[in-house]
Every structure is written in structure tokens, then in C-alpha cells.
Amino acid sequence: MRRPAPTRARLAPGGAVFEIWSGVAETVWLEIEDRDPLRMEPAGDGVFRLAVPGLRDGVRYGYRVDGPFAPDDGHRCDPSKLLVDPYATEVDRPFTYHPDLGTFGADTDDLMPRAVLRKPLPAHRGPPVFTPGGLIYELNVRGFSMLHPDVPEEDRGTLRALTHPAIIAHLKRLGVDTIELMPITAWIDERHLVALGLSNAWGYNPATFMALDPRLAPGGIADLRHVTDLLREEGIGVILDLVFNHTGESDADGPTLSLRGIDNRAAFAHDGDRLINDTGTGNTVACNHPRMRALILEALRHFVREGGVDGFRFDLGPVLGRGPDGFDPDAPLLREMREDPTLADRILIMEPWDIGPGGYQLGRFGPPFLEWNDAARDDIRRFWRGDGGLGTLATRLAGSSDCFTGARTRSVNFIAAHDGFTLWDLVSHVEKHNHANGEENRDGHSENLSWNNGVEGASDDPDVAARRRRDVKALLGTLFASRGTLMLTAGDEFGRSQGGNNNAYAQDNETTWIDWSALDTEILAEAEHLSTLRRASVALRDQPFLTDADVKWLRPDGVPMAPGDWEGARSVAMVLTDIAVCVNGDDDEVTFALQDQRQITVPPRGVRLVPAGT
């Protein structure tokens, strides 16, 4: 079956051509700024087209679609709703939730942003800066710089802040190979947040797939391109965290913003007349539909060609491979992503779970996809909490060959991410503390494999603080010593806390804004030291799985580990060709006797990376 071409608006000699697809629309109108609506012409196969002379770069527009409004059949066309072009690459203002957006017959002309038609930027050239095995630094664009004292106030909370010399200096000292931007496409607040006086701080509720949120990128895609070009000069790549699994149009009572009003049944997966909710957000994008696949692929190409990004992380990745029979690692969209020439050399990272049937798919995506490895996250946490085995930890350090088939690891190792406790909160809280989210602490994960070192939450006791600092350094040491690709969330390198909130998506305030004045210099120095050692080690950054010739596992006395030695043990040395990793999970100091006659002393509950010959 021939892939459908993208249906988008574009500038043309003397004006512009507008195209939109709907399998159910009877009539489509184009609204250009303050002009009277223009009726678009059917062009076959569900495509509506109209050429409009005299238009220039920057023109603002929207659509209205008349067709069946039959919710019992999954159809929600409503000509009272102004709709954003699904292919829009810019919008003129942020989305703001209002009940009329979800009320049939209520005109939304004054409530909706308009798409802005732009001339494409010159195509980006050059391979990605980032390669697997490096360090990914996950950050929330807004929260990262809102409180940074060196960033000009007008740039705080925007993409422009990422180009400030103080920010770049921090990234380089930490040895960051690429930054991963949490969603920057235009989003809308979930409707329940409005009543609570809260707003979405993370952006995982997209209203568009391509247009950037004006709060983060007032200059649109040009702002992103400026960031990628400048960071590339510094040897740092940019990866986008994208949400193609659902949209902010939500459940049956949600707002009509774009796809819902154009062709609801084609855009979103249905079970009969019921929206399937494999995402927990009310709807699930029908990623097996040819038109949705075309839209998603064009979004990816757009961000490579015009944004200059190194790659992508896909939220709730199994949705991209779902069809009528469940998840398929060779689903059409996944296959097309692998085969697309524009994406062939890009970094593609999957979050390998959703909440639908068979939603846990760690290890099943296959090359070239890298995958977030929650097995590594959980096993590292368990070991340092005291109830995890040393043998399992060794498997995680070596690249998780039990999770990934083939000759190479595809693991993205992390211990904390945006979703969950920060690294400091992980060693400071047994319980979540999400009361500020307005859901009576019911939201967020209840089992975090965390510990509090004797006191729940903040403590003025210097001994408690010292133990927490020790544990954070041990966790960082384990992360930087693990083979595979690494991910560190911004602020975890210097002890950032969210007060125990492990689901801070609705806290666009000091909870998620990084306090640069409160960074722990001891933890930061350790993170920078560990990163320097890892960057110098080929063996840690290499992706092929280890063979017996590549690694030696030694007891502290220097004797190779025998099968019976792993049971109950808490200390081991992983010796590679150019580095030794000494892990001491005991509460007492341990001295390792390496086979090159070196004696390496590791403090209680500590990790040391020791380059060969030092």
C-alpha cells in the first residue's frame, strides 16, 4: 500500500496552498486571520485543498470541519470549533483550557491559537553529535532556568536560556554528550488542573505534534535550531522527548482542538464506539492508521531537517507499535521509522511500556532503538537499599544482557527520571508526598524502592545528611560505571529535591524549578569526577556485550569470583581492559586487591572507578 503524502499548508509562488485530510468531513473551511471563511475543495481520497493568492510568510490560519457528530459512533465533527492544523509548525499563542472547548456548538474562535505558516528553514546537514554509550542529560526547559541567577530574566524558562555561557559551562564540566528536552511542543493543561489552580509543568499533554510551545520558544522552530547549532559547536547534541501516544484532547469529555474535530475515529484507537485508553490520559493515538503514521513521520523529519536534532525519546513507546492485535515490534510505524532515510542515523529511544494489555515491552523493540531500562533502575535501587543481590547488580553493570538480545546492549541506564523521586529524595523518603497535586496523595507510584536514612524528609541532623550524601554518591558511581547509554536528570548531579513529590507534573513552581543557589558542591564534584573517568574509558562506553575475555569479576581479596561467591556478597570488582569498578555495599571500609598489585580502598557503601595503570 502506498504511503499517503503529508497534507499540510505551504507557501507557493504568489501565495499559499492549504491541504487537510479527513475521512468523514463533508465540508472544510479555511479561516485566514480576519477574512471571511473560505470553503476548501475536495481533491479525492479525503483530501481538501485550496490555493490562496497573495499570502506571505507569517500568515495565521485555522480550520473548521463539518461532518458527523455522532459520539456513539466515534465521530465528533463540530463546525463551531476552530481547529489547529495537525501539520502546523508554529502557533501564535499557548493553548489555554476552557470548558467551551469541549462543549458541542460553543464557538471557540476567541479561545484557540492559530497556526502560523512559515517558510522552512534551510535543511540541517551533518550526522548526530551523540552516539550510544554517552551521557544524556534530561531537562525540563522551563524549570531548568527559571531560577538561574546568570540567565537574563527575559530568557529564563525558554530555549534561549540553554545557550547562555553559564549553562554551557555547566554541561561541559559535567561531561554531557546530549541534552534530552522534555516535551517542548505546544501543550494544554489537563482540565482537572484548572479547578485546582495548577498547571502542567512537564508538557506531556500535546495539542500539536510539531508546533513548539510559545512559552518555551517564542521564535518557533528557529529557537530550537539556534540551540542545536550552538550546542553542536560545543560537542553537545539535542534529543527531543516526544509524545505521540495521546493528545490533550483527552477522553470523551475533553476539548476539541485539532484531530478530534477533523476525524476522531481515524486519529484515535477505538473499541467499538469507546476510546481506548492505553495511556491513562483518556485517548490513544491510532499509530497504525496510515494518515497518523504519515503525520508522525513528517514531525520527525521536520525536527531533523529544520530543528537539527540528534534524535528522539518516545513517551509510552509501545503505543507506536500497537494495532488491533496488540503490540508488534515490526508494526508499520516502527518499520517506517527504521527505514526512513532522514531518520536512518538519528538516535531513537523508546520508553518501553504503556498501561495497555501487554504494555511492558522492555527489550522487544530491536535495533536501532535504545530503550529506557527500568530493570536496571530498580535493581540498582534494591542493591543500595539493601535487599538486592550482587549478582543482579553485576548484570546491570555489564549492560543487561538478560534484557536485550543480539550482540550489543541497547540499554539506557538511569536511576531517577523526571517521573518519580529525584535522586536526593530517593534516599530521603520512604513515602511519596504528593499532597500539593490536589489528589489526596493518590497519584504517583507508591513503591519507589526508596529509603530515608532514618528520617522522613528534610533533616537538620548532620549525620543523616552525610549518609544521604554518601548514598547519592554511591548511586551516581553505579550509574557512571554501568555499560550502555546513561541518562541523568538535571539537578540530580547536585542533590535537587522536590520535597518528596514523585509526580510533580502539575507543579510549575519552585517544586520543579531548579534552585541553583542550593546545589550540593560535594555531590556535584563527585558527579563531575565520575563523568571524567567514564569518558576516558572505552570499555565502559562500548556497546558490545562482554565476553569472558573482556571482564574479570574479583572478590576483594583479588580472587576471581566463583559461582558460590555471589550468594550473600556485597562487594565486587569489575575489571575491564582500561578501568576497574570497585563496589562496596558493606557498612565497613573494604580494600580491594587487584591483580596488578594495586590496593584500592573503598569507603562504606561506596563505588570507585579506577583507570588502568593508576
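The values are calculated or read from the model by the stated rules, or taken from the named source; none is laboratory data. Remember, predicted model here, so these are calculated numbers, not experimental data. Glycine also receives a Cβ, built like all others from the backbone with ideal geometry; neighbour counts cover every protein chain displayed. Protein only, heavy atoms only, side chains kept; ligands, DNA and RNA dropped before computing areas. Shrake-Rupley method; radii C 1.70, N 1.55, O 1.52, S 1.80 Å.
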- Consider the candidate values (i) 42; (ii) 46; (iii) 69; state which one is percent of Cα pairs over 33 Å apart computed from the structure displayed. (ii)
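Kindly work out what percent of the DSSP beta bridges joining two residues of segment 291-423 are antiparallel, to the nearest 5. Show your work: numbers first, answer last.
Working: 3 of 12 bridges.
Just about 25 percent of them are antiparallel.
Using only helices, what value at 222 nm comes out for the chain when you add -39,500 (n - 2.57) per DSSP H run of length 4 or more and divide by the total residues, to the nearest 500 deg cm²/dmol? Spell out each step's value before the answer.
Numbers: 13 runs with 131 residues, N = 614.
Rounded to the nearest 500, it is -6500 deg cm²/dmol.
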- Note on the structure: Around residue 547 (Cβ within 14 Å, Cβ-to-Cβ, excluding residue 547; K/R +1, D/E -1) the net charge comes to 0
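Leaving ligands, DNA and RNA out of it, report the carbon-plus-sulfur percent of the accessible area of the chain at a 1.4 Å probe. Please list the in-between numbers first.
On the way: 11290 of 23070 Å².
Roughly 49 percent, rounded to a whole number.
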- Determine the percent antiparallel among the DSSP beta bridges restricted to the chain, to the nearest 5. 65 percent
- Task: Along each of the three principal axes of the Cα atoms of segment 475-614, give the extent in whole Å, ordering the values from largest to smallest.
- Result: 53, 32, 27
- Query: Can you give the accessible area of residue 17 in Å² (nearest 10), computed on protein heavy atoms with a 1.4 Å probe?
  - Reply: 30 Å²
- Item | Eligible lysines near residue 473 by straight Cα distance, threshold 16 Å, same-chain separation 8 or greater | none
- Pairing the Cα long axis of helix 521-535 with the longest principal axis of the chain, what angle in degrees results, from 0 to 90 and rounded to the nearest 10? 90 degrees
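Rounded to the nearest 0.05, what FRET efficiency is calculated for residue 596 and residue 38 with R0 set to 60 Å and r the Cβ-Cβ distance?
Working: r = 78 Å, r/R0 = 1.30.
Step by step, r from the Cβ atoms, then E = 0.15.
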- Query: Which net charge results for the neighbourhood of residue 40, defined as the other residues with beta-carbon distances under 15 angstrom from its beta-carbon, given Lys and Arg at +1 and Asp and Glu at -1?
  - Reply: -3
- Measuring from label point to label point, each 7 Å out along Cα→Cβ, what is the residue 11 to residue 460 span in nm? 6.2 nm
- Rounded to one decimal in nm, the spacing of the 7 Å Cα→Cβ label points at residue 511 and residue 446 is 1.9 nm
